[in-house]
Each structure stands twice: as structure tokens, then as C-alpha cells.
1. Within the set of pairs 6 or more residues apart or between chains, which connect a residue that is closer than 16 Å to Pro94 by Cβ inside the range 326-342 to a residue that is polar (S, T, N, Q) and in a helix (DSSP H, G or I) with Cβ atoms less than 6 Å apart?
2. Restricting attention to the range 201-212, does a residue exist that is within 16 Å of the chain's Cα centre (by Cα) and buried (at least 16 other Cβ atoms within 10 Å of the Cβ)?
3. Report the residue count in the range 159-194 for those that are surrounded by 18 or more Cβ atoms within 10 Å (Cβ to Cβ), in contact with an Asp or Glu (Cβ under 8 Å, 6 or more places away or on another chain) and not aliphatic (A, V, I, L, M).
4. Applying the selection to the range 142-153, what residues are closer than 22 Å to His185 by Cα and in a loop (DSSP other than H, G, I, E, B)?
5. Would you check if Val280 is surrounded by 21 or more Cβ atoms within 10 Å (Cβ to Cβ) and touching an Asp or Glu at 6+ places or on another chain (Cβ under 8 Å)?
6. When the residues of the range 154-184 are filtered to those that are of a type in the set (Ser, Thr, Tyr) and not in a helix (DSSP H, G or I), which remaining residue is modelled with the lowest pLDDT?
7. Report, ordered by the first and then the second residue, all pairs with beta carbons closer than 9 Å, sequence separation of six or more or different chains, a first member in the range 260-271 that is within 13 Å of the ligand (Cβ to nearest atom), and a second member that is in a loop (DSSP other than H, G, I, E, B) and among the acidic types (Asp, Glu).
8. Restricting to the range 348-363, and then to whatever is among the acidic types (Asp, Glu), part of a helix (DSSP H, G or I) and touching a residue at least 40 places away in the same chain (Cβ under 8 Å), can you tell me which residue is surrounded by the most Cβ atoms within 10 Å (Cβ to Cβ)?
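The values are calculated or read from the model by the stated rules, or taken from the named source; none is laboratory data. For clarity, every value in this text was computed on a predicted model and none was experimentally measured. No Cβ is skipped: glycine too gets one built from the backbone with ideal geometry, and neighbour counts run over all protein chains shown.
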Amino acid sequence: MSHQSPPSYEQAGKNQHDAYWMPFTPNRAFKADPRMLVSAKGIYYTTSDGRKLIDGTAGHASVNAGHCRPEIITAIHEQVKTLDYAPAFRWGHPRAFEFANRLADIAPDNLNRVFFTNSGSEAIDTALKVALAYQQARGQAQRNRLVGRALAYHGVSFGAISVSGLGDNRKQFSALLPHVDHLPHTHGLAENLFSHGQPQHGSHFADALEDIIHIHGAETIAAVIVEPVTVATGIFIAPEGYLQRLREICNRHDILLIFDEVITGFGRIGARWACERFNVIPDIITSAKALTNSTLPMGATIVREEIYETINNSAQQHAIEFFHGYTTSGHPLACAAGIANLDIFAQEKLFTRASGEMEKYFEDKVHGLRDIELIRDLRNIGFLAAFDLTPQPDQVGKHGQYVVAECFKRGLLLRAAGDIAVLSPPLTITKAQIDDMFAILREVLQTLQMSIQPTLPNQEVGCLV
Ligand SMILES: Cc1ncc(COP(=O)(O)O)c(C=O)c1O
């Protein structure tokens, strides 16, 4: 029998990039001009044409400890030699219990019960299901309404898009969760332009929850879900006092408060969790991304003990208490990666690295770009920054795309949401590397500024995503 190798893609008249349907990507444009990343180390990516890029995004705010950490690679390697997989339902393995305990140790207050998922979206679905199951378990099944917020991004599952506040992510899909309301977003106040850290104005936006309660009755609302800082759509930081006010209203009406910390957790804003930095403790926290440094996919929903107990105690002894789970919940390799990642965070003090002197250094660099006329707003917290560019009047989003493409050419990977360029570098970045990152960004913004002279019209600040 002859063993012929299959024809190459070119011989078969196919494009090697055809088969892969890329997520959240203009597939046709990408495949006409692919931008490929082939390796990574520390804060750098290497492209297929051998260029080194600063990862100004930390892989979508995921790789907080830097790329290709040997400690995580070794932990995964050791684990896969010992136990590659164990069924998650009705069987246990030590790594899942160990990692859950470690997470409970770093979670605030009595949020000490951990449900593992495989992504942030699944962590959100899990949190919403926990909230509904809890209300039912305590005899309040009529509390089946969920409250999200405009401009929020909680992922792509049907639960996540229902509580998110983004039209584009829903419009192709007609079926959404019923009984969902949205708070207004907190962005766009002229008084908050060029703010450093938490903006001072806007705590009153929380009062919109009272309006929703007034319309539907508090006794119909199970939970409110917000991101302490919305990142995916352009860095919108909760104004001072806003989260406190939401907490107070939820307490008064016995409504659960969920913080989506898929990005804001794990040191992104200079603390273990944003809720610790902002001093407002929710009832449920969702995590993913930096949970395992994104070396392997994983998410987690961390819940107050009494919520877990209430759901458990409502079921018969020996019965399954919560009808939910994923085949690869608490996967041994992901747990091993997560434990090694936590060790790195402890050894290198990464939880607080984006605070104090380093945060100030980053902040000064961000606001150092204020002289560029094209920039109509800047904001920062921890290692998160947004550069809000005045859009080209006839083509919103074009300036953002230009900045991403030009930075890529000159050695910096960043992200744009419309005309808002966003930085979220790995927490391990040094001052010298921060300097390099901002030198490239300044060069690109100045080039763009010069190409669009005469002076741009002074447009109203608003949200473009
Ligand atoms: C705040 C937030 N929640 C949830 C998600 C969804 O996470 P995943 O893409 O892992 O499903 C994201 C993703 O960017 C996010 O930013």
C-alpha cells in the first residue's frame, strides 16, 4: 500500500486560512492580509515575519503574569503526566479542591465557594443561574428578573449577551433571556474628562436601579450584574461612590449584587479584585482570563457561603443540589496552571504591582499624551488606559483602526473599541518597557494628527462603541 502525503493547500487550490472561522474578526479582511503571532515570551509576541511586538493588551487582559511562564508550563507538564483528565460530575480530583481553596483564600469576606467553568461567558451564565436558583431555594421564585448595564460586555453566551449592553452582540440572535433590564452606563460626563483613576462624578447613575425597582417591584428582581470597570468597550471606570450606592440599594431590597471581575480581578487595577480596591463587596464574583494566565482556558464563579448553603439545603439529602456543570469544569491541567499562577502572583507581588509607584508611572505616561489634539479624553486605572480619539466625521472607527494597524507595524499590539484605543499590558512590564510602549504610541498618534490637519472639529464627547 502506498502512503502518499495529502496534497498541500496550494496544490488543492485551497487557501490555508479558509477553514478556521475566526471569532469577532472580519474574516475576509483578515484572510486577505493575515496578521499572525507565532510565539511569545514575557511581554513580547513574535510575528510570522520575525518581528517582536510589545503586547500592550496582555492578550485581552489575560496574560497578567507575562507570556510562557516556565512555572506554569512545568506545572501543566507534571499534571498531564499524572492525571490528564477526570470526570467532573460525581468524581473529584485533588487539584480542583486545592485550587478552589486557594481562590477562596484570596476572595473577600465569605465568598468562599467556587464553581469552575471554561470561560468568562460560562462564569457569567453560572452566576446568573446561581442567583436564580438561590432565589428559588429561599422561597422567592418570583425574583426572576436580572439587571445588567448599557455598554457592559459579559461575553457571548445567551445569558451573557442578555445582561450585556451591546446591540451588535445581540442583533443577529433573536432569542435572549426574558426579564432583563439595563441600568444606564456611567460614561460621558464632561466633568469627568481626563480623569485619573476613579472619576469623581456620576454616583447618581446608580439611582436608576430605584427606577427599575419602581417599575417592576423589588420582589421580582434576583440580581444586578456590573463590571467595576468596563474594559472591552473602552475603559469605563465606576465613578466614586457609584458601587457603594448600588450595594446599598441592593441591600435595602434584598437583591444580589454580582461583580464581573473577568478583567478587573487578578491585579489588573492594583488589587486582588476591583471590589477590594473600591471597597464594595458583592455577593458573587466572576473570574476567567488571568485566572490561569490564559495558559489554559478556565473561568470561576465565586459565591458567598450562605448562597451555596441555601441552595444545598433546599435539596433532598443525596440529591444533586444544582443542575449545572461542564464536562471540563475544574479540568486538572487548568487547575495546575491556576495554582502555579497564584504562586507567581504571591512571589512577585503581582496583585499590587499596578498600584502605587508603578500605577503613577503608567498614569503619567497616559496623561503625557494629552497634548495631542486628536485625543478628546484619556482615562486610566491600574494598568488600564483608554485614549479616546476624535472620530473622522464620515467614518467612525477609522482612527482607532489606523492606530491599531500602525502600532502593529511599529512594534506594539493594542486594541481599539471604535475610536477608543485601549492599553492593558502584562503586570510584569518594566518602566523601560512602558517607555517603549508609549514612544510607539506617541509616534503613531502624532503621525495621524499630522495627516488630518487642519484642526479637527471639536466634537461632543460620547461613546462610540
Ligand atoms: C468583563 C468580561 N466578562 C466576561 C467576558 C467573557 O469572557 P470569555 O471571552 O472568556 O467568555 C469578558 C471577555 O472579554 C469580559 O471582558
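1. Pro332/Gln79; Leu333/Gln79; Ala334/Thr292; Ala336/Gln79; Ala337/Thr292; Gly338/Thr292
2. The answer is no, given that none of the residues of the range 201-212 is within 16 Å of the chain's Cα centre (by Cα) and buried (at least 16 other Cβ atoms within 10 Å of the Cβ).
3. 1
4. Ala150, Leu151, Ala152, Tyr153, listed by residue number.
5. no
6. Ser174
7. As it stands, the answer is Asp260/Glu227; Glu261/Glu227; Val262/Glu227; Ile263/Glu227; Thr264/Glu227; Arg268/Glu261, since those pairs meet every condition given.
8. Ranking the qualifying residues of the range 348-363, first place goes to Glu359.
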